[in-house]
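Undergrad: The structure follows.
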Amino acid sequence: MELFIQQLTNGLAIGSIYALIALGYTMVYGVMKLINFAHGDLFSIGAYLGLTFLISFGLVDKVGAPVAILIIMLMVMGLVGLIGILLERVAYRPLRKADRLAAVVSALGASIFFSNSLMLIYGAKFRVYPHNLLPKSYITILELHIPVVRILLLLVSFILMACLYLFVQKTKTGTAIRAAAIDQGAARLMGINVNKIISIVFFIGPALGGAAGIMVGLYYGQVNFLMGWLYGLKAFIAAVIGGIGNIPGAMLGGLILGVIESLGAAYISFAWKDAIAFFVLIVILIVRPTGILGERVAEKV
Amino acid sequence: MLIEILFVIILFLSPLFLNAYWIDVLNNIGIYAILALSLNIILGHTGLFHMGHAAFYAIGAYTTAILNTMYHIPILWLMPVSGLLAGIFGYLVARPIIHLRGDYLLIVTIGIVEIVRIALVNNIFGLTGGSNGIFGISRPSLGGLVIRKPQQFFYYIWIFLGISVYLFYRLENSRFGRALNYIKEDELAAEGSGINVSKYKLLAFVLGAIWAGFVGNIYASKMTIISPESFSFWESVILFVIVILGGAGSIRGVILGSFLIIGLPELFRQFASARMLIFGAAMVVMMIFRPQGLVPPRSRTYSLEVLIGKE
Amino acid sequence: MTLLKVYNVSKSFGGLMAVNDVNFEVSEGTVMGLIGPNGAGKTTVFNLITGNYKPDSGEIIFSGKNITGLSPNKIVKLGIARTFQTIRLFQNRSVLENVLAGCHCRMRAGVLACMFQPGWQKQEEHQAVKNAFQELRFVGLEKEVNNQAKNLSYGNQRLLEIARALATRPKLLILDEPAGGMNEQETQALVRLIDQIKKRGITILLIEHDMSLVMKICEKIVVLEHGTKIAEGTAEQIKADPQVIEAYLGWEEDD
């Protein structure tokens, strides 16, 4: 039971990070029908920028760890978001009318570019995050010790996701995003500036990915220039499991994947941990070809 | 046509004036080109988003490696066996997922290649040697001549490539190739014209897998040692990029793509650690300027004179 | 003789009854029209016959064979060819290749034969190209052989779809609004073409909004409204049917 609860909470924590990254995939896909293969690297950039800010400004000493982390997280989110906008302008916008696979290759090129930029700047080795910033304490519920960090991680993810959800559901811009996702042409006819919507989506998605980057750095204490691939892939799987293009689906998919992976690693096989995600994916897609919350699109004849 | 003939002549004379290092680069280009041509059937012609081709390549290479090191079966005999096993594997994995649309298929094929790699690392059935892989694989021997040197492999690989090009070219310009292209253009219209869409999608997958299995055999005997990292998701991505960047559905384009993707990083060696950075940026730029690929496929034309003359 | 029998067929989408217990028969060698207001379920009936949808209940018998639930390509092979309401050509392929798609199901070269090309495969290929060309000449597109389908005019695209369907050598040809988007001249030519097709012994079932065309060429007409058959008969009978007149007037106002 102890193991189960530990793995479950750990899985929820990791899953919430997957969900944050998955939101970037799913929002971009929703509006542009494009898989942004460079998204995982934007997450890595977030992790490295977070590291740089944490160790260089001495902010932690001035305002204390919690406030410093909050400020730095917002800075990172803004910066990674701007990189996202830039990425769309340079690598995707010229290909909007081209074959979809051309954009996939462009995205892969951008991914290689980003990960190698990180390697040139920060080196190929693992970099260690400052490790004295987060509370080491545990919360004890019914004799179970759950690390506070895990709960904080979940809390922050949920706050970010709730903000996004409210933004998309309740604001005018959010409505415009949803409209553009359903039919870009019609949205344009209704006077929605689709280019602006795409830029906003390419800001929000990467910003959330950047936040996830810092959170992973703080949680695991180290970052590597290639980690974006694996996290990106897992988050992409999460988005697909939930139904790509569907925002609640990405959140759900992330949490499901995190929990299954964590439990699978503990109860089935640690060596097969990374394969479990794919097994889950394949089984879900065979049963539901467009994911759990994805719409079933029957082609009109 | 003149350019192609010139290219073939220069290529086949190149071992005379290149050193062993560059011949080996050409050998790698050849191996990737055959693999990419086999992926081209699935991705380029049929339009199936397949990013897991390295899985089939791995099945072929490991089949050869295991049967050769355990039972000392000659390498060339194992080529059809490797192709067959890769084809069967291709059939088994493609069958349940063949109906998935575009991006869903893409992620699932990534999943397949990752599962295969993890299975290899975990020494599945105690056969694959874990992350160290398998070593001591023999060289192919053609009637007493053992292929060993880079020059010999050069001719071995490029002649195999030549045969593949010849067969695939015929395939393209026939009932089978056309059926794949119809599916790529409009599945529903293809089905409504009497084409069994799921059967042809599966056939494309199986044929591509068989060929990748053949290449796995060549690769295993060329390296004499194989390990899981040679068959990662990343290899699949490279093949995917070769096909799209070269020109989906175009044999010329895919071969040119192989030269660029495998050859260019070699030329960039002087940039040392920045070469992959340049490479990534070059991919973006090339796609923006040639979104349909460097050499898009030519459309088939039919001579009217022939048609009317034969009345 | 009855070629096609649609027997008590129903189909609903998410609780909405699109086709409700529809019955009709198509006799061999005739031209039959299926008419009705927008949303009456005409195209759904077509999609049920061609296998694009599976009926919830009922049976479809073609040439004495139960074809209910078969996949579309098998139904084409048995002898039912179709055109689409929204043109679905292989836009980036040549006109001839579009017709060759129809020849596919009457050829037999498999992967190996296509790779190694024995004599019979070459002959088959040659014959297919010739047949395709003949169908193009039949519909009057022989000058466009190597043009890309997307470069054709709207009317010619419709003709190309018919040529592709004819290349499957159908017994029954199903045309979904063949005159849609055609001008008066093109429509006249279409009437003549349909007559030619009929002379080849091919039975035709069509949906069309152009009433004068339907009345002119159809020996029998079935009228659908809200997924239900409300009338069946010759042009004269349909014109005089009070239920049809009511539905007709109702849908005139809709337009």
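All of the numbers you see were taken from the coordinates with simple rules; none came from a lab. These figures come from a predicted structure and were not determined experimentally. All Cβ positions, even for glycine, are placed from backbone atoms using ideal geometry, and neighbour counts span all protein chains on display.
Undergrad: Among B:Asn123, B:His99, B:Phe135, whose Cα projects farthest towards the positive end of the dipole of the range B:18-233, with charges put on the beta-carbon of Lys, Arg (+1) and Asp, Glu (-1)?
TA: Value: B:Phe135.
Undergrad: Give the relative contact order (percent, whole number) for the range A:2-299; include only Cα pairs under 8 Å separated by 6+ residues.
TA: 38
Undergrad: Compute the FRET efficiency between A:Lys62 and A:Asn132 as 1/(1 + (r/R0)^6), taking r as their Cβ-Cβ distance and R0 = 22 Å, and round to the nearest 0.05.
TA: 0.90
Undergrad: If you place +1 on the Cβ of every Lys and Arg, -1 on the Cβ of every Asp and Glu, and leave all else neutral, what size is the dipole of chain C about its Cα centre, to the nearest 20 Debye?
TA: 1520
Undergrad: Sticking with this structure for a sec: Determine the calculated [θ] at 222 nm for chain B from helices alone, applying -39500 (n - 2.57) to every DSSP H run no shorter than 4 residues and normalising by the residue count; nearest 500 deg cm²/dmol.
TA: -22000 deg cm²/dmol
Undergrad: Moving on to the next point. For chain C, what is the mean residue ellipticity at 222 nm derived from helices alone (per DSSP H run of n ≥ 4: -39500 (n - 2.57); sum divided by total residues; nearest 500 deg cm²/dmol)?
TA: The helix contribution divided over chain C gives -12500 deg cm²/dmol.
Undergrad: Of all alpha-carbon pairs in the range C:19-171, indicate the percentage at a distance above 25 angstrom.
TA: Here the tail beyond 25 Å accounts for 39 percent of pairs.
Undergrad: Note down the magnitude of the dipole of chain A about its Cα centre, charges +1 on Lys and Arg C-beta and -1 on Asp and Glu C-beta and zero elsewhere, to the nearest 20 debye.
TA: Taking the Cα centre of chain A as origin, the dipole is about 780 debye.
Undergrad: In terms of the Cα gyration tensor, with a ≥ b ≥ c the square roots of its eigenvalues, is the protein assembly as shown rounded because a/c is under 1.5, prolate because a/b exceeds b/c, or oblate?
TA: oblate
Undergrad: Here's another thing I want to ask about it. From other protein chains only, count the Cβ atoms within 10 Å of every residue's Cβ in C:52-59, then give the mean.
TA: That average works out to 1.
Undergrad: Toward the positive end of the charge dipole of the protein assembly as shown, about the Cα centre and with charges on Cβ (Lys, Arg +1; Asp, Glu -1), which of C:Ala231, B:Tyr302, C:Asn52 goes farthest?
TA: Of the options given, the answer is B:Tyr302.
Undergrad: Does the range B:1-147 classify as rounded, prolate or oblate by the C-alpha gyration tensor (a ≥ b ≥ c root eigenvalues; a/c under 1.5 gives rounded; else a/b over b/c gives prolate, otherwise oblate)?
TA: The shape class here is oblate.
Undergrad: On to the next question. Relative contact order for the range A:213-301: what is it in percent, counting Cα pairs under 8 Å that are at least 6 residues apart?
TA: 28
Undergrad: Scan around C:Ala18 for amide H atoms under 5 Å from its own, H built in the peptide plane at 1.01 Å from N, and keep only partners 5 or more places away or cross-chain.
TA: C:Lys11, C:Ser12, C:Phe13
Undergrad: What 222 nm value per residue comes from the helices of chain A, counting each DSSP H run with n ≥ 4 as -39,500 (n - 2.57) and dividing by all residues, nearest 500 deg cm²/dmol?
TA: -24500 deg cm²/dmol
Undergrad: Looking at this model, which pairs from C:Lys74/C:Lys171; C:Lys199/C:Lys229; C:Lys5/C:Lys220; C:Lys42/C:Lys150 are more than 19 angstrom apart at the alpha-carbon?
TA: In this structure, C:Lys199/C:Lys229; C:Lys42/C:Lys150 exceed 19 Å between Cα atoms.
Undergrad: In degrees, nearest 10, range 0 to 90: what is the angle between the Cα axis of helix C:154-166 and the longest Cα principal axis of chain C?
TA: The answer is roughly 70 degrees.
Undergrad: Given the options A:Met75, A:Met119, A:Met27, which has the most mean-square fluctuation in a GNM of chain A, springs set between C-alpha atoms less than 10 angstrom apart?
TA: Of the options given, A:Met119 has the highest mean-square fluctuation.
Undergrad: Continuing with the same structure: Once you keep just the Cα pairs under 8 angstrom separated by 6 or more residues, what percentage relative contact order results for chain C?
TA: Contact order relative to length: 27 percent.
Undergrad: Further, regarding this structure: Dipole magnitude of the protein assembly as shown about its Cα centre, charges +1 at Lys/Arg Cβ and -1 at Asp/Glu Cβ only, in debye to the nearest 20?
TA: 1800
Undergrad: Name the most mobile residue of B:Leu127, B:Leu18, B:Leu39, meaning the one with the largest mean-square fluctuation, in a Gaussian network model of chain B with Cα contacts below 10 Å.
TA: Evaluated over chain B, the most mobile residue of the options is B:Leu18.
Undergrad: Which one of B:Pro228, B:Pro265, B:Pro80 has the biggest mean-square fluctuation once chain B is modelled by GNM with Cα springs under 10 Å?
TA: Looking only at B:Pro228, B:Pro265, B:Pro80, the biggest GNM fluctuation is shown by B:Pro265.
Undergrad: OK, next. When C:Val95, A:Val31, A:Val283 are ordered from fewest to most other Cβ atoms inside 10 Å of their Cβ, what list results?
TA: A:Val283, A:Val31, C:Val95
Undergrad: If you don't mind, there's one more thing I want to ask. Given the options A:Pro135, A:Phe37, A:Val67, identify the residue whose Cα lies farthest towards the positive end of the charge dipole of the range A:1-150 (+1 on Cβ of Lys, Arg; -1 on Cβ of Asp, Glu).
TA: The residue sitting most towards the positive pole is A:Phe37.
Undergrad: Same structure again: Sort B:Glu187, B:Glu114 by Cβ crowding within 10 Å, fewest neighbours at the top.
TA: With the fewest neighbours first, B:Glu187, B:Glu114 line up as B:Glu187, B:Glu114.
Undergrad: Still on this structure, I have one more. Return one number: the angle in degrees, 0 to 90 and rounded to the nearest 10, between the long axis of the Cα atoms of helix A:194-220 and the longest principal axis of the Cα atoms of chain A.
TA: Roughly 20 degrees, rounded to the nearest 10.
Undergrad: Shifting gears a bit: Among B:Trp158, A:Trp272, which comes first, second and so on when ranked by fewest other beta-carbon atoms within 10 Å?
TA: Fewest to most other Cβ atoms nearby, the residues stand as A:Trp272, B:Trp158.
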